[in-house]
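The values are calculated or read from the model by the stated rules, or taken from the named source; none is laboratory data. If you're wondering where the values come from, they're calculated on a predicted model, not measured in any experiment. Reconstructed Cβ throughout: ideal geometry from the backbone, glycine too, with neighbour counts over all protein chains shown.
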Amino acid sequence: MVRLITKDGLRKLNEELEERKTKLRQEIAQAIKEAKEQGDLSENAEYSEAKSQQNENESRISELEMIVKNSQVVEKDEKVKGAQIGSVVKVKAGGDELEFTIVGSNEADPANFKISNESPLGKAFMGHTGGDNVSVLTPKGETIAYKIIEVR
């Protein structure tokens, strides 16, 4: 399945992948070596912990390689006026002004207002421009009205 991603999102994934393949792998290998030097591995907590970290790191490397392989970079089309992946959407809801960045699903970070194009909010904003009113049905079953102030 092809996943859409911004150029910045792909860059961050590649940076994490490189860090895990080089620096982190070396650090874990060193920890394993030091733990082995302590002798009996059957009761060696440091060895067990290092092997666990190694398994987690290798799993994440495999996951990142698969994500990168199956990602398609989407660049913002400046000719398109409505919200799209890569757009920053400034909205007003319930008296509050908020800014959301629409990103691919692998980059979503709601705590930092990066919403996926596949999320209910992201889907609702897609294609809309400043001045539009959008209603979003939340997973809790509530409907929230947003006034789009600006899309850039």
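Anything in region 20-38 that is surrounded by fewer than 15 Cβ atoms within 10 Å (Cβ to Cβ) and within 26 Å of the chain's Cα centre (by Cα)? List them, or say none.
So in region 20-38, the residues surrounded by fewer than 15 Cβ atoms within 10 Å (Cβ to Cβ) come out as 22-23, 26-27, 29-30, 33-34, 36-38.
Hits for region 20-38 are THR22, LYS23, GLN26, GLU27.
Within region 77-120, how many residues are touching a residue at least 40 places away in the same chain (Cβ under 8 Å) and in contact with a Gly (Cβ under 7 Å, 6 or more places away or on another chain)? Lay out the reasoning, then the answer.
Here is the first cut: in region 77-120, the residues touching a residue at least 40 places away in the same chain (Cβ under 8 Å) are 81-94, 97, 103-107, 117.
With in contact with a Gly (Cβ under 7 Å, 6 or more places away or on another chain) added as a condition, the list becomes 82-83, 85, 103-104, 106-107, 117.
Number satisfying all stated conditions: 8.
Scan region 49-67 residue by residue and report those that are at pLDDT below 95 and in contact with a Leu (Cβ under 8 Å, 6 or more places away or on another chain).
Answer for region 49-67, where residues must be at pLDDT below 95 and in contact with a Leu (Cβ under 8 Å, 6 or more places away or on another chain): just ILE67.
Criterion first (in contact with a strand residue (DSSP E or B) (Cβ under 6 Å, 6 or more places away or on another chain), more than 17 Å from THR6 (Cα to Cα) and not acidic (Asp, Glu)) does ILE85 satisfy it? So that I can check it myself, show each step before the final result.
Values: in contact with a strand residue (DSSP E or B) (Cβ under 6 Å, 6 or more places away or on another chain): yes; more than 17 Å from THR6 (Cα to Cα): no; not acidic (Asp, Glu): yes.
So ILE85 does not fit the description; no.
Take ASP8 and decide whether it is outside any helix (DSSP H, G or I) and of a type in the set (D, E, K, R).
Criteria not met by ASP8.
Filtering region 6-15 down to residues that are out of contact with any helix residue (DSSP H, G or I) (no Cβ under 6 Å at 6 or more places or on another chain) and surrounded by 15 or more Cβ atoms within 10 Å (Cβ to Cβ), which residue is farthest from GLY86 (Cα to Cα)? Show your work before the answer.
Taking region 6-15 as the starting set, the residues that turn out to be out of contact with any helix residue (DSSP H, G or I) (no Cβ under 6 Å at 6 or more places or on another chain) are 6-8, 10-12, 14-15.
Filter once more, keeping what is surrounded by 15 or more Cβ atoms within 10 Å (Cβ to Cβ): 6, 10.
Values: THR6: 7, LEU10: 13 Å.
Applying the filter and picking the extreme gives LEU10.
When you check ASN44 against the structure, is it at negative phi and at pLDDT below 90, yes or no? Reasoning before the result, please.
Numbers: at negative phi: yes; at pLDDT below 90: yes.
Yes: the conditions hold for ASN44.
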